[in-house]
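Enquirer: Can you keep this structure in mind? I'll have questions shortly.
Since every read-out is calculated from the coordinates, none of them should be taken as a lab result. Since the structure is predicted, the reported quantities are computational estimates derived from the model, not experimental observations. Ideal geometry is used to build each Cβ from the backbone, glycine not excepted, and the neighbour counts take in all protein chains shown.
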Amino acid sequence: EPEVTQTPSHQVTQMGQEVILRCVPISNHLYFYWYRQILGQKVEFLVSFYNNEISEKSEIFDDQFSVERPDGSNFTLKIRSTKLEDSAMYFCASSQERGSNQPQHFGDGTRLSIL
Amino acid sequence: KQEVTQIPAALSVPEGENLVLNCSFTDSAIYNLQWFRQDPGKGLTSLLLIQSSQREQTSGRLNASLDKSSGRSTLYIAASQPGDSATYLCAVVGVSAGKSTFGDGTTLTVKP
């Protein structure tokens, strides 16, 4: 069964540095999402992306964050100047359609640790 | 704004027991509801997806029900095993926005 893949599985970065988290969604999917989960807290929505533009973003997704689909397969989340509170597990998801009977397929996540 | 609540927050049962996990949501205008399993420090494993038009879904020892009008879903686990120990999350996809809204999860411990 096709999977959403995320790299790296664990990223350690110094505070203030830029970090790029990478995701390869399922090939025929059109909707892409990023979520994050701070340790011990619930999974929170960050941003959704469709047709090469952001369709929705949460209040967490401020100017430090950006997303991009640089080619036909990758979907990236960039954090420009990382802060300690950005330490979390980041999940990428994709779906074929928006809602309906199609589930969102989640990757295994990237654990981001900011030192 | 959609809010998802899961009760109980934690549950400890002896092996072999049947158990029910509860999920409630405030906005009944949903496309679907998904139940996930999450092991400590790991990703999200999808267990069951219930479409808004469905009442229940079954997979092996798992049965999930959905009452959209009352904003409730239950996950029934039959004959629990120590390997079922994990955190169980429910998430709804709302009609007004395509994103998933997650509950806090129920942490299940099944004792041998």
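Yes/no per residue for (1) under 23 Å from B:Gly43 (Cβ atoms); (2) surrounded by fewer than 14 Cβ atoms within 10 Å (Cβ to Cβ); (3) over 15 Å from the mean Cα position of the chain (by Cα); (4) of a type outside the set (Lys, Arg):
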| position | (1), (2), (3), (4) |
| --- | --- |
| A:Glu68 | yes, yes, no, yes |
| A:Phe75 | yes, no, no, yes |
| A:Ser81 | no, yes, yes, yes |
| A:Ser87 | yes, no, no, yes |
| A:Phe91 | yes, no, no, yes |
| A:Gln102 | yes, no, yes, yes |
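Enquirer: Same structure, new question: Hand me the list of strands (runs of 3 or more DSSP E) wholly inside the range B:23-112 holding 1 or more residues that are within 22 Å of A:Gln96 (Cα to Cα). Step through it out loud before you land on a result.
Expert: Numbers: elements: B:30-38, B:44-51, B:56-59, B:62-67, B:72-77, B:86-94, B:100-102, B:106-111.
Here the list reads B:30-38, B:44-51, B:56-59, B:86-94, B:100-102.
Enquirer: Right, another one. In the range B:72-106, what residues are among the charged types (D, E, K, R) and in contact with a Ser or Thr (Cβ under 7 Å, 6 or more places away or on another chain)?
Expert: First, the residues of the range B:72-106 that are among the charged types (D, E, K, R): B:72, B:84, B:99, B:104.
B:Arg72, B:Lys99, listed by residue number.
Enquirer: Is it the case that some residue within the range B:3-12 is in a loop (DSSP other than H, G, I, E, B) and under 14 Å from the mean Cα position of the chain (by Cα)?
Expert: Keep residues of the range B:3-12 that are in a loop (DSSP other than H, G, I, E, B), which gives B:3, B:8-9.
Imposing the further condition that a residue be under 14 Å from the mean Cα position of the chain (by Cα) reduces the set to B:8-9.
For the range B:3-12, residues in a loop (DSSP other than H, G, I, E, B) and under 14 Å from the mean Cα position of the chain (by Cα): present.
Enquirer: Restricting attention to the range B:18-66, which residues are more than 10 Å from the chain's Cα centre (by Cα), within 25 Å of A:Arg111 (Cα to Cα) and of a type in the set (A, V, I, L, M, F, W, C)?
Expert: Selection gives B:Leu44 alone.
Enquirer: Still on this structure, please answer the following. Tell me yes or no: at least one residue of the range B:84-93 is more than 10 Å from the chain's Cα centre (by Cα), without any contact (Cβ under 8 Å) to a residue 40 or more places away in the chain and within 10 Å of chain A (Cβ to nearest Cβ).
Expert: no
Enquirer: Scan the range A:22-50 for residues that are in a loop (DSSP other than H, G, I, E, B), more than 8 Å from every other protein chain (Cβ to nearest Cβ) and aliphatic (A, V, I, L, M) and report the count.
Expert: 4
Enquirer: Which residues, counting only those in the range B:63-83, are touching a strand residue (DSSP E or B) at 6+ places or on another chain (Cβ under 7 Å) and away from chain A (no Cβ under 14 Å)? Give the derivation first.
Expert: The initial filter retains those residues of the range B:63-83 that are touching a strand residue (DSSP E or B) at 6+ places or on another chain (Cβ under 7 Å), namely B:63-66, B:68, B:71-77, B:80-82.
Hits for the range B:63-83 are B:Asn63, B:Ser65, B:Gly71, B:Arg72, B:Ser73, B:Thr74, B:Leu75, B:Tyr76, B:Ile77, B:Ser80, B:Gln81, B:Pro82.
Enquirer: In the range A:57-115, which strands (runs of 3 or more DSSP E) lie fully inside it and hold 1 or more residues that are closer than 20 Å to A:Gly40 by Cα and more than 13 Å from every other protein chain (Cβ to nearest Cβ)? Before the answer, list the steps.
Expert: Values: elements: A:65-68, A:75-79, A:88-95, A:110-114.
Correct list: A:110-114.
Enquirer: Still on this structure, I have one more. Report the residue count in the range A:53-84 for those that are farther than 26 Å from B:Ile30 by Cβ, free of Cβ contacts under 8 Å to residues at least 24 places away in the same chain and charged (D, E, K, R).
Expert: Selection size over the range A:53-84: 4.
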